[in-house]
Amino acid sequence: MSSLIDSLRQICGAEHVLTHDDPSTDLSAWEHDWRKRVFGKALAVVRPASTAEVAAVVKACANTFTSIVPQGGNTGLVAGSVPDASGQQIVLSLQRMNAVRALDPDNLTMTVEAGCILHNLQDAAEKAGFLFPLSLAAEGSCTIGGNLGTNAGGTQVVRYGNTRELCLGLEVVTAHGEVWHGLTGLRKDNTGYDLRHLMIGSEGTLGVITAATMKLYPLPAAQLTAWAAVPSMEAAVQLLGLAHQHLGAGLTGFEVMGQFALSLADKYFPNLRVPLYKETPWCVLLENSDHESEAHARNQFERLLEVAMTAGCVSDAVVAESIAQAKGLWQIRESITSAQAQEGLNIKHDISIPISKIPAFVAATDALLLREMPGVRLVDFGHLGDGNLHYNVQAPEGVDDQIFVRDHEDKVNDLVFESVSHFKGSISAEHGVGSMKVGKLPHYKDPVALAMMRSIKQSLDPQNIMNPGRVISL
Ligand code: FAD
Ligand code: 2HG
Ligand code: ZN
């Protein structure tokens, strides 16, 4: 192996190939996942600075049958970006590849390297007078390469789609170390299979994304945020329908949050002052982006809330009066993951269900879990506008969280996934499969689809060196 490490050092520079041989180097940040569920051991952490270096690293690994775990910001929630415990896998960190290569205002695109932090891309777009709409709570540390690798969703999908919908072209290093130059920036291209869509969401199992051409949008003239108390999940779905009807393409966010999820935000972030949640089972956060004016947006919002209150699907509501207030409301929504982690280890699900079936799914699954495991606490929240719920399960009050997760994770997953399957949903709407759901996929994915996935993996990565054991087991 030392000859591989020597080659990697020649390719990237010795200071960018970190190993355990040097006792003063701490690799742990690259070796465990964000939630600290998985602690692996890397053969080396390799930090290339260019596409040519990535290609040379992959070639060197292919020559020695060494497997590669691509890593961006390491904020993934399914343990797909950290090495296993063997000490034989290299972590390929894209963090040094963080340049915005070009911004084309007439084509409404920017071409960026995979290691760019999402928040920096939002900033770069805004400085040029545009909106890059991908937005998620991890945006301060996740990278666009990771967003593409997982086809991340976030809070603006209801209007702009997932990362997939925002991507026009890719540059990819294949499992053989060749470079596919696919940064076309074209909105139409029907010259055969769309390999871009194969790579997006493949979680590092088919190749390494080194750069991407992403869509930009005009900045809206005004963005208004409202917070509504709703009496039931049925009412939240009814409000979504009204919001589509009244706001049209202006509806850029529609998030639902259950009372217990908000109580955790209140408990751990009291300065955020969570409104209206104590007297209602659910609250909804809505965003209206308007290309006319703030007054127009406010009028639309007020009319929507008036109609919703008359229909009985909103019991109370506030519309943010300032940008600071709007940011504060979004901060509450985005603090839930962290608040839940502070409450203790929990069992996460990022499921999707046809929106019309979500009320029945929640009622049935809540009842099932509470019957099977009395006292479990359900932290339900998420992107109702996309039919995507974070249906998270926390230990009963007073029960040790680590022991609860150890003893109940499998059973909870089975109960939730069976219910998802009954309601014709998906066991992962946005976080992906990683290593945490790989064993579940054969039960919930169409067998023909799974077989096609397997043959694609075998044909593009015959040595199975790209993030093996993630997404699909061979
Ligand atoms: P990593 O965690 O480093 O990697 C994720 C996967 O992508 C791994 O399988 C990795 O091998 C692969 N990968 C990384 N870079 C590349 C590359 N260049 N080429 C090929 N494969 C690559 N996710 C959502 O979808 N929506 C949310 O709203 C959301 N909110 C979050 C909030 C918090 C607080 C946290 C901690 C996470 C959240 N996530 C969310 C999950 C996570 O942020 C996303 O999955 C994100 O896209 C991961 O980006 P990353 O750069 O951290 O990728
Ligand atoms: C979000 O929507 C993320 O905030 C994280 O997808 C969800 O913590 C979670 O379960
Ligand atoms: Zn989410």
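The values are calculated or read from the model by the stated rules, or taken from the named source; none is laboratory data. These numbers were taken from a predicted model, which means no experiment stands behind them. A quick note on method: Cβ atoms are made from the backbone with ideal geometry, for glycine too, and the neighbour counts reach across all protein chains shown.
Some observations on this one:
- All of L285, L219, L276 fail the test of being surrounded by 18 or more Cβ atoms within 10 Å (Cβ to Cβ) and either at pLDDT 95 or above or within 24 Å of the chain's Cα centre (by Cα) (or both), apart from L285.
- Considering only residues in the range 113-158 that are acidic (D, E) and touching a strand residue (DSSP E or B) at 6+ places or on another chain (Cβ under 9 Å), the one that is nearest to ligand 2 (Cβ to nearest atom) turns out to be E139.
- Test for R164: is it assigned to a helix (DSSP H, G or I), within 16 Å of ligand 3 (Cβ to nearest atom) and touching a Pro at 6+ places or on another chain (Cβ under 8 Å): no
- Members of the range 180-190 that are in contact with a strand residue (DSSP E or B) (Cβ under 7 Å, 6 or more places away or on another chain) and either assigned to a loop (DSSP other than H, G, I, E, B) or crowded, with 17+ Cβ neighbours inside 10 Å (or both): G182, L183, T184, G185, L186, R187
- Residue match in the range 104-112 (condition: hydrophobic (A, V, I, L, M, F, W, C), touching a residue at least 40 places away in the same chain (Cβ under 8 Å), touching a Leu at 6+ places or on another chain (Cβ under 8 Å) and assigned to a strand (DSSP E or B)): yes
- A326 fulfils the conditions (1) in a loop (DSSP other than H, G, I, E, B); (2) more than 17 Å from A235 (Cα to Cα); (3) touching a residue at least 60 places away in the same chain (Cβ under 8 Å) except for a single criterion, (1).
- Elements of type helices (runs of 4 or more DSSP H) contained in the range 382-474, each with 3 or more residues being over 20 Å from E203 (Cβ atoms) and either aliphatic (A, V, I, L, M) or within 13 Å of ligand 1 (Cβ to nearest atom) (or both): 401-422
- Qualifying residue in the range 174-186 (condition: touching a Phe, Trp or Tyr at 6+ places or on another chain (Cβ under 9 Å), farther than 22 Å from P220 by Cβ, in the same structural domain as G207 (by TED's automatic domain parsing) and at pLDDT 95 or above): yes
- Breaking point among (1) within 16 Å of ligand 2 (Cβ to nearest atom); (2) more than 17 Å from G469 (Cβ to Cβ), for M436: (2)
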